[in-house]
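Bear in mind these aren't lab numbers, they're just calculated from the coordinates by the rules spelled out. Since the structure is predicted, the reported quantities are computational estimates derived from the model, not experimental observations. For neighbour counting, all protein chains shown are included, and Cβ atoms are generated from backbone atoms with ideal geometry for every residue, glycine included.
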Amino acid sequence: MIRVLHVHDDPEQLRYMKLLLEAREWDIKVESVNSPAEVPIRLLSGTFDAVLSGYWIPEINEIELGVAMRWVKDIPFILYRGRGEVAKGTLRRGADDIVSKEVDPGHEALADKLVEAVNRNRENRRREVSLNVFRALNLGSDLQSSLGDTLRIVQEDMGINAGGIRLQEGEDYPYFVFDGFHDEHILLENELCVTDVEGHLMRDDGGNPVLDCMCGNILRGRFDPYKPFFTEGGSFWTNSAAELLASTTVEDKLVRTRNTCQGEGYESAALIPIRDEGETIGLLQMNDRRPGCFDEETIRFLEGLGKIIGDSLGRVNRGREALEELELIRETLRSAPIPSLIIDPDDMLILGASYSAAQMTGIPLEELRGTPCYEALKGYESVCEDYGEECPLMQMLERRGRTSTTVAPRAGGERFIEASASPIRGPDGAIELVYLMIREDSGPSGAL
């Protein structure tokens, strides 16, 4: 749906244009004001996609109105004019487009321009929001600030009163970040797990804790895509919580809702699953006291953001698990009697080493971690290929065997070694790390 705010001083023109634009297949909803001074105020209180002006504004010209409204909300500003009624410079400085009343039928040309301008604006804005969310998730100093910035970006773009992101903690899904909700709301709604009279968690047939309310539906994947308030992607949304409660049963909603949000006056609500590799790991929540804040296209966009958030959280979790696994390998590696190294094949950095490897290279153990292998073993300032030598490590991985080469460590000068490399693969089968074992070699016969 496209929501248009129409400003005109003639009540008949306001009624006529509303009738024409809402009567066809464009899915346009028109609200009217007869004073340009009302436009910024209505933009603050409503969810509009474009502003339409159809006359010479007596109190303020179109350039000033276009500039003023964009201080409030950056949406298309379209003029509907007769011949010779367009102020010089209006299109360049104020309006996005001008439609002539002489075009027959003029209202169809106007509707086409509105749809085109709004779709273009939505596409550009959502591309920018997605990029800003991606940056927030990847450049934040910690997860709390990253998700807090993400929530702020989405709320500011949509003009939504309140929002939150729930993430799993133990067996529940409390708010990890939130903004706009009163403290009482967080106190009442933070926990979703249902308990019995003795305070014990109630569990479903699969042994999972029962999660309450509509948030529990989305987190547990309980939804009916044939119901208008659910989507095929497993989201929930409504533009009128009061109407939904009055027209549905517990069976329709698949759960007995607490109705806290509706009791606090939130009419528009959207609950979007956050998934990583098909598993729901959290939920994005958007609430607003104004009705009519969402449409199907907006919900699809939010579902796309939910996927971006889920992918990022998945990488963070997998990275944390990888670090824990790496630390375990490091602890085991330190006491290995044979000089051993863990190397990142992407940048050739040593991530872990044994004390015996530190002795062999003459580099303290803590300093050895983070040193490129070509520097520690060869004394090179850059990769081996820069010195006309093929990388022994890569050759070993390709041959799945051993190789002999010379090394020039800080301790003892040049010597011959025999080395063997084993790949450490990730869940997708790709080589993530290399385990290198080194032995002294007696001679240069097999040296590279």
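Taking Ala358, Ala50, Ala430 as the candidate residues, the one with maximal mean-square fluctuation in a Gaussian network model of the chain, Cα springs under 10 Å, is Ala430.
Considering only Val30, Val118, Val250, the mean-square fluctuation computed in a Gaussian network model of the chain, springs between alpha carbons under 10 angstrom, is largest for Val250.
Which shape class applies to segment 140-318: rounded if a/c is under 1.5, otherwise prolate when a/b exceeds b/c and oblate if not, where a ≥ b ≥ c are the square roots of the Cα gyration tensor eigenvalues?
On the way: a/c = 1.33, a/b = 1.05, b/c = 1.27.
Because its axes are fairly even, with a/c under 1.5, segment 140-318 counts as rounded.
Using +1 on the beta carbon of Lys and Arg, -1 on that of Asp and Glu, and nothing else charged, what's the dipole of the chain about the Cα centre, debye to 20?
On the way: 49 positive and 79 negative charges, 129 e Å.
In total the dipole reaches around 620 debye.
Evaluate E = 1/(1 + (r/R0)^6) for Glu327 and Ser420, where r is the Cβ-Cβ distance and R0 equals 22 Å; express this FRET efficiency to the nearest 0.05.
Details: r = 24 Å, r/R0 = 1.07.
Computed FRET efficiency for Glu327 and Ser420: 0.40.
The calculated Kirkwood hydrodynamic radius for segment 335-440 is 13.7 Å, given to one decimal from all distinct C-alpha pairs. Farthest toward the dipole's positive end in the chain, which of Met214, Pro76, Cys293, given Cβ charges of +1 (Lys, Arg) and -1 (Asp, Glu) about the Cα centre? Highest projection toward the positive end goes to Pro76. In the chain, helical runs assigned H by DSSP with n ≥ 4 each contribute -39500 (n - 2.57); averaged across all residues and rounded to the nearest 500, the mean residue ellipticity at 222 nm is -12000 deg cm²/dmol. Shape analysis of segment 95-221 based on the Cα gyration tensor places the equivalent ellipsoid semi-axes at 44, 19, 13 Å, largest first.
Classify segment 254-324 as rounded, prolate or oblate from the Cα gyration tensor: take a ≥ b ≥ c as the square roots of its eigenvalues, call it rounded if a/c is under 1.5, otherwise prolate when a/b beats b/c and oblate if not. Before the final figure, lay out the partial values.
Numbers: a/c = 2.96, a/b = 2.01, b/c = 1.47.
The shape class here is prolate.
Kyte-Doolittle cut-off -1.0, length cut-off 30 Å along the helix's own axis using Cα: show which whole DSSP H helices in the chain pass.
Numbers: long enough: 106-139 (49 Å, -0.72); 296-334 (56 Å, -0.43).
In the chain, the long hydrophobic H runs are 106-139, 296-334.
Taking the charge dipole of segment 140-318 about its Cα centre, with +1 at Lys and Arg Cβ atoms and -1 at Asp and Glu Cβ atoms, the residue from Tyr266, Tyr173, Gly314 reaching farthest to the positive side is Gly314.
Computed from the alpha carbon positions, the gyration tensor of the chain leads to an equivalent ellipsoid with semi-axes of 61, 32, 17 Å, biggest first.
Quick one: how many lysine pairs does the chain have with C-alpha atoms less than 15 Å apart and a gap of 8 or more or different chains? Give me the count, please. Kindly include the intermediate steps, with their values, before the conclusion.
Numbers: Lys18/Lys29; Lys29/Lys113; Lys101/Lys113; Lys227/Lys253.
For the chain, qualifying lysine pairs total 4.
Of the beta bridges DSSP finds with both residues in the chain, what % are antiparallel, to the nearest 5?
Working: 51 of 69 bridges.
Of all bridge pairs located within the chain, approximately 75 percent are antiparallel.
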